[in-house]
Amino acid sequence: METKDLLKKVRKIEIKTRRLSDHIFSGEYHTSFKGRGMTFSEVRQYQFGDDIRAIDWNVTARYNEPYVKVFEEERELTMMLMVDISGSESFGTKNQLKSEIVTEIAATMAFSATQNNDKIGLILFTEQIELYIPPKKGKSHVLRIIRELIEFQPKSKKTDLSQALKFLSSTQKKKAIVFVISDFMVDDDYEKTLKIAGKKHDITGVRVYDIREAKMPNIGMIEMEDAETGEVLVVNTGSKKARLSYEKQYQDKVNYFKDIFSKCGSGSVNTRVDESYVTKLLGYFKSR
């Protein structure tokens, strides 16, 4: 993609997603996720009704009258965006590909975090870690993330979510708000690694899918290519057995995503490419 076209696309996504984050998500995001805890703010004179457990005895002894410690919630957070850029994301039968919606969601979340003065980091993954951008603050940093989401060319088309979660656990030592954005059409068993990562981080899985993925159409003999392995098969879609087998495999992966994220205490959101992800994310934030 030429630089001029890239900048135009970045600007288009920035305008759309920043407007959403400024007017819709920033308040909901702010109240949905808590800071790391309480941090010391100041010492002031004791007032009637104050908790006596908050008395600072050293200052009280120095001034010969009671003083209390005041604490406030530490609001600054770190957001990590874990984005699946494997081959299966380049699919879409409506107006947009799954990868385009994934980029919009990631950009919206990044701008929402910026409104809260939080750090934002990015992990692009396939079966390996394709790109890691450490958490930082600022608009220029967010724009870099959006540029990478648009133009980055992965080395692999396969997916390994477990490896990505292991990388998250090894690089992020402090608690982070983590959004894993993917179609979750993965074959690996990621329960163990999600459970480990979920003990330290606040993780939400955002599943982006296309309505045409769930069922195989009855259109006779066709060639079908696996987007991640490149394997081409001739499939008789007129066979009810073949269609049911495909639908079962698809539904098994969807059910695994829902069950494992719930079992591990992580949140989950499901949004179709032709649906409003705004409505889905707002509903999720409000339910927290």
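Any read-out appearing in this document is the output of simple, stated calculations on the displayed coordinates, not a laboratory observation. Since this is a predicted model, take the numbers as computed values, not measurements. In this analysis, Cβ positions are derived from the backbone assuming ideal geometry, glycine residues included, and neighbour counts consider all displayed protein chains.
Observations on the model:
- Of all DSSP bridge pairs formed entirely within region 165-246, close to 45 percent run antiparallel.
- Applying a DSSP loop filter and a limit of 16 other Cβ atoms within 10 Å to the trypsin sites (Lys or Arg not before Pro) in region 138-172 leaves Lys155.
- Between the alpha-carbon centres of region 163-227 and region 95-115 there is a gap of 16 Å.
- Antiparallel beta bridges, as assigned by DSSP with both residues in the chain, represent about 45 percent of the total such bridges.
- Hydrodynamic radius by Kirkwood, which averages 1/r over all alpha carbon pairs of region 216-288, in angstrom: 15.1 Å
- A compact globular protein would have a Cα radius of gyration near 2.2 N^0.38 Å; the ratio found for region 135-288 is 1.20.
- Helix-only [θ]222 nm of the chain, DSSP H runs n ≥ 4, -39500 (n - 2.57) each, per residue, nearest 500: -13000 deg cm²/dmol
- Among the trypsin sites (Lys or Arg not before Pro) within region 188-236, those in coil by DSSP and having at most 13 neighbouring Cβ atoms inside 10 Å are Lys215.
- Pairs beyond 30 Å (Cα-Cα), from Lys16/Lys137; Lys137/Lys286; Lys175/Lys248; Lys69/Lys119: Lys175/Lys248
- The chain - convex hull of the alpha-carbon atoms, volume per residue in Å³: 160 Å³
- Over the C-alpha atoms of region 163-211, the Rg to Rh ratio, Rh being the Kirkwood estimate, stands at 0.98.
- Cα shape, region 90-198, gyration tensor, a/c 1.5 rule: oblate
- Helices assigned as whole DSSP H runs in the chain whose Cα atoms extend at least 20 Å along their own long axis and whose mean Kyte-Doolittle hydropathy is -0.5 or higher are found at 98-115.
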